[in-house]
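Here's the structure we're looking at; comments come further down.
The values are calculated or read from the model by the stated rules, or taken from the named source; none is laboratory data. Because the structure is a prediction, the values reported are computed rather than measured. Because the Cβ atoms are built from the backbone with ideal geometry, glycine has one as well, and the counts that use them run over all protein chains shown.
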């Protein structure tokens, strides 16, 4: 009773019970997997119940040349993708923000599509395009397998997947700061280029740097592209090293835990620096009424700029999608791109449940719905805890709820395996579908929490206070007053969770029980079994479904609230 009182919860019979259960679920969902990773890394024999030999694995592992190579490859890949993204996306974003690019809103929508193409599918698409007798060689005579299956090929494919992060950050940042301050500089006599280099670009630096750090974090966490292309190039990184320690015999659980902890530290360092850059306000003036600056006319540069935008869109969007459709709609790869080889047999096989395709699709959809519902409910309650409830230590709860943003999917999978593969649990969830549900919920919880917290901060407290004066309890007030107001933003976040969970790969590969297949593992398995046509048919269904969902979500959110994730 004293511990409940110490939390300063409103009432044990209403809000107290609900919020206390929310805290416990959050600790089990997020805190427990991370705790088990730390314990396994410190105590090598922890999985056997032996606490001896604390920290004895750290020095041998950290000085292991193989680990140093994995770490060096990870950092090298992350930095290369960051530099390439800056070279590609900063000019794109600056042109979009500061000039009148024809069809600007259409380009924004096009550059959203790479988010809807899962990285492993994009990598497989480029493999089918550039390999010997691939689509590029059939159409143009170009074959670039040596480039693709190399470090530079991995960077190339990953940049095309993550450059929109920088593009949207640069364009939105320059739209806000470029208009106000560049116009003032022009009034004071500065030229266009002088205003850009001396005013707009320096004021946009924190936003650009933050987006590049986010790209670095996304790159070192990515599994699909390094696993698909890196395996053939002999280029291994921390993520693939962790997966290898769990998938190859003998299984090295302590080594995987140490690598996971190291990857978490790298990702958290990147997110910490990014957060610092986003939140600091040391040299950007926030006073005065913002004005809309005039965008420059492109003039003679109109067609070169349009060619630039079109080339990026073709390479990042059209090529992967066309490769997916070409593979799905041709009878055999050896038959090539001919009308005689055109066939719907892969889609027929898909809907005829070949290889358990429909079960995989149904499993992914049901797990995605379950993850959306769980994270939606938890997100609403955690948002209330963080914003409205007078709870001691709610800053820690807020940090814990957003921590999965810094946890790579492979780390969450390792933590869940370590935490739930224990005989002392009264309910065994290991090697069941519940493990996948836990993994999706843990990874995607920050989306509903972020949306719900923002919505609660925008709500006044008068309606809630009036309900309490009229005798309504916490549950009634939350259900009839707060939840309807919260519903639009919460629905958007749940749709995002659904879209991402329906195609998640790395956690699905690691924690899915034997005999259970999802969309991502089905596609991965079809390529390993030599049936890329059926795999790409499934990919086409997944991509166009999630893209349609994104378009609907964007249209809905523009009417009801802004997308902030």
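Exactly one of (1) farther than 17 Å from residue 87 by Cβ; (2) assigned to a helix (DSSP H, G or I); (3) modelled with pLDDT of 80 or more is unmet by residue 177. Its number?
(3)
Being modelled with pLDDT under 85 and out of contact with any helix residue (DSSP H, G or I) (no Cβ under 7 Å at 6 or more places or on another chain), is that true of even one residue in region 202-218?
yes
Considering 419, 454, 465, which residue is out of contact with any helix residue (DSSP H, G or I) (no Cβ under 6 Å at 6 or more places or on another chain), modelled with pLDDT of 75 or more and either assigned to a helix (DSSP H, G or I) or surrounded by 17 or more Cβ atoms within 10 Å (Cβ to Cβ) (or both)? Can you show your working first?
Values: 419 fails: out of contact with any helix residue (DSSP H, G or I) (no Cβ under 6 Å at 6 or more places or on another chain); 465 fails: modelled with pLDDT of 75 or more.
Every option except 454 fails the conditions.
Residue under question is residue 35, and the condition is that it be assigned to a helix (DSSP H, G or I), under 26 Å from the mean Cα position of the chain (by Cα) and either modelled with pLDDT of 85 or more or buried (at least 16 other Cβ atoms within 10 Å of the Cβ) (or both); does it hold? Steps first, please.
Numbers: assigned to a helix (DSSP H, G or I): yes; under 26 Å from the mean Cα position of the chain (by Cα): yes; either modelled with pLDDT of 85 or more or buried (at least 16 other Cβ atoms within 10 Å of the Cβ) (or both): yes.
Answer is yes for this residue.
Return the only residue of 365, 339 being under 22 Å from residue 119 (Cβ atoms) and modelled with pLDDT under 90.
Details: 339 fails: under 22 Å from residue 119 (Cβ atoms).
Unique residue meeting the criteria: 365.
May I ask you to list the residues in region 58-91 that are within 31 Å of the chain's Cα centre (by Cα) and more than 30 Å from residue 169 (Cβ to Cβ)? Working first, answer last.
So in region 58-91, the residues within 31 Å of the chain's Cα centre (by Cα) come out as 58, 61-62, 64-91.
Matches in region 58-91: 58, 61, 62, 64, 65, 66, 67, 68, 69.
Is region 360-374 home to any residue that is closer than 21 Å to residue 131 by Cα, surrounded by fewer than 17 Cβ atoms within 10 Å (Cβ to Cβ) and touching a residue at least 40 places away in the same chain (Cβ under 8 Å)?
Going residue by residue through region 360-374, those that are closer than 21 Å to residue 131 by Cα are none.
No, because not a single residue in region 360-374 is closer than 21 Å to residue 131 by Cα, surrounded by fewer than 17 Cβ atoms within 10 Å (Cβ to Cβ) and touching a residue at least 40 places away in the same chain (Cβ under 8 Å).
Give the residue, chosen from 71, 77, that is in contact with a helix residue (DSSP H, G or I) (Cβ under 9 Å, 6 or more places away or on another chain), within 27 Å of residue 260 (Cβ to Cβ) and buried (at least 21 other Cβ atoms within 10 Å of the Cβ). Walk me through it before giving the result.
Details: 71 fails: buried (at least 21 other Cβ atoms within 10 Å of the Cβ).
It is 77.
So, restricting to helices (runs of 4 or more DSSP H) that lie completely within region 502-565, which ones have at least 3 residues that are crowded, with 17+ Cβ neighbours inside 10 Å and modelled with pLDDT under 80?
Working: elements: 506-511, 519-528, 532-560.
Filter on region 502-565 gives 532-560.
If you check residue 223 against the conditions, is it surrounded by fewer than 17 Cβ atoms within 10 Å (Cβ to Cβ), closer than 14 Å to residue 123 by Cβ and at pLDDT 85 or above? Quick ask: steps written out before the conclusion?
Values: surrounded by fewer than 17 Cβ atoms within 10 Å (Cβ to Cβ): no; closer than 14 Å to residue 123 by Cβ: yes; at pLDDT 85 or above: yes.
Criteria not met by residue 223.
Counting just the residues of region 89-123 that are touching a residue at least 24 places away in the same chain (Cβ under 8 Å) and outside any helix (DSSP H, G or I), which one comes out nearest to residue 315 (Cα to Cα)?
Per the criteria, the residue is 111.
Out of all the residues in region 436-445, which are in a helix (DSSP H, G or I) and buried (at least 23 other Cβ atoms within 10 Å of the Cβ)?
Within region 436-445, the subset in a helix (DSSP H, G or I) is 436-444.
Of everything in region 436-445, those that are in a helix (DSSP H, G or I) and buried (at least 23 other Cβ atoms within 10 Å of the Cβ) turn out to be 436, 438, 439, 440, 441, 442, 443, 444.
Any residue that is buried (at least 17 other Cβ atoms within 10 Å of the Cβ) and closer than 15 Å to residue 219 by Cβ - is there at least one of those in region 89-100?
Yes - at least one qualifying residue is present in region 89-100.
Just checking: which of the helices (runs of 4 or more DSSP H) contained wholly in region 303-394 hold 3 or more residues that are closer than 20 Å to residue 139 by Cβ?
Numbers: elements: 319-329, 345-351, 357-387.
Once the helices (runs of 4 or more DSSP H) in region 303-394 are filtered for at least 3 residues that are closer than 20 Å to residue 139 by Cβ, what remains is 319-329.
Looking at (1) crowded, with 20+ Cβ neighbours inside 10 Å; (2) modelled with pLDDT of 65 or more, which one does residue 182 not meet, given that it meets all the others?
(2)
Conditions tested, residue by residue: (1) touching a residue at least 12 places away in the same chain (Cβ under 8 Å); (2) part of a helix (DSSP H, G or I); (3) over 15 Å from residue 67 (Cβ atoms).
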residue: 226; (1), (2), (3): yes, yes, yes
residue: 249; (1), (2), (3): no, no, yes
residue: 262; (1), (2), (3): yes, yes, no
residue: 270; (1), (2), (3): yes, yes, yes
residue: 273; (1), (2), (3): yes, yes, yes
